[in-house]
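Here the structure comes first, spelled out in structure tokens, and everything after it is commentary.
The values are calculated or read from the model by the stated rules, or taken from the named source; none is laboratory data. This is a predicted model, so every value here is computed, not measured. Glycine also receives a Cβ, built like all others from the backbone with ideal geometry; neighbour counts cover every protein chain displayed. Protein only, heavy atoms only, side chains kept; ligands, DNA and RNA dropped before computing areas. Shrake-Rupley method; radii C 1.70, N 1.55, O 1.52, S 1.80 Å.
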Amino acid sequence: MRQRVQKLLDQGVMQIVAVTDPLTVGFRRQAMVGIHVEGDVESVADALTSMAECEYVVMTAGSFDLMVEIVCEDDDHLLEVINRRIRAIPGVRSTESFVYLKLKKQTYMWGTR
């Protein structure tokens, strides 16, 4: 088993990481933000990936050009990130925020069933 795991690690198929619960380390506000972009979506996505609060950045086909999961300390921090930083990125046309009230399920079981 140990050799198989090492082989998967060496091939870059698997990573072993620790996943912390944001609430237990002082980040009490999480939100998903849908973003409409004018122009180059990749340049906006690149700018978002450089922000520590943006945990998950996805280019999508659908109602939004990008979906971004944000983890913040509180509502003031969330407002600062969205209003002063995300909306200031060239090409961001509009945002829609979906504030998390309660996380019911979060798994990291991709391809293991």
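Structure summary
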read-out	value
Sum of side-chain charges, ARG28 neighbourhood, beta-carbon under 10 Å (Lys, Arg +1; Asp, Glu -1)	-2
Cα pair distances in region 30-113, grouped into 5 Å bins until the bin that holds the longest one, percent each	3, 14, 26, 24, 16, 10, 5, 2, 0
Accessible surface of LEU79 - all protein chains present, 1.4 Å probe, nearest 10 Å²	110
Accessible surface ranking that places the most exposed of ARG28, ARG2 first, with a 1.4 angstrom probe	ARG2, ARG28
Label-point separation in nm, LYS104 to ARG85, each point 7 Å along Cα→Cβ	3.0
